[in-house]
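Read through the structure below, which is laid out as structure tokens, and then see the notes.
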Amino acid sequence: MAKICLCLTGRTLERDLEILEKYRKYVDIAELRADCLDPDERFQLRRFPEMAGLPVILTIRRGIDGGKFVGGEGARITILSKGLAFAEADRRRNFAYVDLEEDLEVPSLEEAARTFGTRIIRSYHNMQGVDSDLTGKIKALWRVGDELAKAAVMPQNLDDVLRVYQAAKETAGGEKILLCMGEYGTNTRILAEHIGSHLSYTTVKGEADLPAAASGQLDPKVMAETYRFREITKKTRIFAVTGYPLKVSASPYFFNSIFSIENTDAVYVPIPADSIQSFLRLAEELGVAGVSVTVPYKEAVIPFLSYKSEQVKSIGACNTIVASPQGWMGYNTDAQGFSDSLLEFSGRRDLKGRKITIIGAGGAARAVAAEVYRLKGKALILNRTAVRAREVAFPYRFAWSGLDAQGIALMDKYADIIIQTTSVGMEPKADADPIEFYQFRGKELVMDVIYKPEKTRCLQRAEAAGCRILNGYDMLLRQARYQYKYYTGKEFPPSLINRVGF
Ligand code: NDP
């Protein structure tokens, strides 16, 4: 089973120990990053395995490999030798592993490691990309029978990640540590078991004095609790959320919590993608069972579907895909999630007689417009790109205009309910308001499908004017409950509502 390794990047051994104690229950191995220690602390590091009480990797990472060590190679070798020097007969007091880069050829160090029962990790880092012959590279790292090969690479896109999974398959059977760094690499860290990696590195978040050990590492608690890393096997079903940029936090928590409560052998992984085609290639390679598709791929995914639900066809946007022997089946759960949320908020069973402004004409707006029509409401669509407002409005004979002074003036006649569906006002640009020139009267019901921040600037202004307001969190949870049904084939159990915060 793949193990969780905690990278310790404190300036002192005491600080590293403090962090280890705090996270001990989530980790199996620690990596002492001696390059982060103060220089005088480095001479004490021989004590650390005994202090730690679990297997420890000794690493002194150079700048070119993503580390902090600035001294010369001689100094580095001296510190490594001190770490390996045999002081005790009890092997638990020795480092369990030492990380030696592929170009570090020091026979005396290797000899010391072997004599004292310290396993050598022969490591290779590519901070710029993924080697064209990664398979050959990994094979070359296995110089001596008992060495562990380690390759950490920096994919520039999702096709690079796919090549890493393929290299993993081609080197199956050999013991290795394999991972992708950076924003595209998180899935390889969570799916260490699928990639055949001996361990997955983690780093604690939110401790101001601790530098990140490497880009893309997860917090050990998130790895162990949210993703249930220790329970993932090659048989675990994989679900994913994709988009770009992928700033999600709610959906992995939502689905992984449910899988945990229901004891389902499944994991839900965020996979940011630079193109939907690359995402689908990777999803097929990994055997992903179901995917939440987010901005900007809800329309782009449609040509790749072998089945489209009626809603996907009429709305023209798809946010849920499920693998089947015939190919990807596409559904839209945003629509039903939106209307359930709005109807409960407004205390109504339909929207008959209601005049509604919909701001935006993207995927979310299409779902909203379809539901407003189904529920017998009348709407005005306003969008920055007026022609898209017309496209959304046309099938329902709704009014439409550009998101400009003329459009804002029309809102007076469609002011029972205002539904904001653009991405304007979303974190990190939370001070933007797509209808900043509209003066709320205080009687409008105002819904913003954004849920981060909790109250967009638009919602804050509406509330200050006396309007009732609703953000998109409730809609998100409701649409996710419909996704659950497509993913598992079961109705979302009402007993789960309100458990662990959703
Ligand atoms: P799309 O990319 O399909 O559409 C984006 C929309 O925002 C378009 O109308 C676009 O206008 C408009 N827009 C973008 N930038 C600007 C700008 N600077 N000024 C004015 N208008 C702008 O995205 P989605 O429709 O899929 O998603 C939109 C938002 O809805 C996102 O914040 C998403 O997180 C949220 N959402 C929430 C859900 C929930 O469950 N709560 C579900 C689905 C989405 P133009 O056509 O001119 O480019």
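The values are calculated or read from the model by the stated rules, or taken from the named source; none is laboratory data. Note that the structure is a prediction, hence the values are computed from the model and not measured. Every residue, glycine as well, gets a Cβ built from its backbone with ideal geometry; the counts of neighbours run over all protein chains shown.
Below are the figures for this structure:
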| quantity | calculated |
| --- | --- |
| Those strands (runs of 3 or more DSSP E) lying entirely in region 72-170 with at least 1 residues in contact (Cβ under 8 Å) with a residue 12 or more places away in the chain, assigned by TED's automatic domain parsing to the domain that holds Glu31 and basic (Lys, Arg) | 119-126, 148-153 |
| Of residues in region 326-368 being in contact with a strand residue (DSSP E or B) (Cβ under 7 Å, 6 or more places away or on another chain) and at positive phi, the one farthest from the ligand (Cβ to nearest atom) | Gly327 |
| Selected residue (criterion: surrounded by the fewest Cβ atoms within 10 Å (Cβ to Cβ)) from residues of region 414-432 that are more than 24 Å from the chain's Cα centre (by Cα) and within 14 Å of the ligand (Cβ to nearest atom) | Asp431 |
| Whichever residue in region 474-487 is more than 10 Å from the ligand (Cβ to nearest atom) and buried (at least 19 other Cβ atoms within 10 Å of the Cβ) and, among such residues, is modelled with the lowest pLDDT | Arg481 |
| From Ala30, Ala52, Ala2, Ala34, residue being touching a His at 6+ places or on another chain (Cβ under 8 Å) and among the small types (Gly, Ala, Ser) | Ala2 |
| Test: Ala409 is within 29 Å of Phe492 (Cβ to Cβ), among the aliphatic types (A, V, I, L, M) and more than 9 Å from the ligand (Cβ to nearest atom) | no |
| Unique match (being within 14 Å of the ligand (Cβ to nearest atom), in contact with a helix residue (DSSP H, G or I) (Cβ under 9 Å, 6 or more places away or on another chain) and among the small types (Gly, Ala, Ser)) among Ala266, Ala323, Ala273, Ala300 | Ala300 |
| Selection count where residues are within 16 Å of Thr188 (Cα to Cα) and small (Gly, Ala, Ser), scope region 235-265 | 1 |
| Residue within region 459-473 that is under 21 Å from the mean Cα position of the chain (by Cα) and within 13 Å of the ligand (Cβ to nearest atom) present | yes |
| Matching option when the condition is near the ligand (Cβ under 9 Å from one of its atoms), in a loop (DSSP other than H, G, I, E, B) and among the β-branched types (Val, Ile, Thr), among Ile450, Ile435 | Ile450 |
| Residue within region 29-41 that is farther than 14 Å from Arg11 by Cβ and surrounded by fewer than 22 Cβ atoms within 10 Å (Cβ to Cβ) present | yes |
| Members of region 276-297 found to be of a type in the set (A, V, I, L, M), within 15 Å of the ligand (Cβ to nearest atom) and crowded, with 22+ Cβ neighbours inside 10 Å, listed by number | Ile276, Val291, Val293 |
| Among (1) within 28 Å of Glu225 (Cβ to Cβ); (2) more than 27 Å from the chain's Cα centre (by Cα); (3) surrounded by 14 or more Cβ atoms within 10 Å (Cβ to Cβ) - the single one Glu14 does not satisfy | (3) |
| Some residue of region 131-138 being modelled with pLDDT under 95 and not small (Gly, Ala, Ser) | no |
| For Asn187: the one exception among (1) within 27 Å of Glu231 (Cα to Cα); (2) free of Cβ contacts under 8 Å to residues at least 12 places away in the same chain | (2) |
| Number of the exception - Gly347 against (1) in contact (Cβ under 8 Å) with a residue 12 or more places away in the chain; (2) over 33 Å from the mean Cα position of the chain (by Cα) | (1) |
| Qualifying residue in region 49-68 (condition: surrounded by 14 or more Cβ atoms within 10 Å (Cβ to Cβ) and over 27 Å from Leu178 (Cβ atoms)) | yes |
| Any hit, region 454-470, residues being among the small types (Gly, Ala, Ser) and at pLDDT below 95 | no |
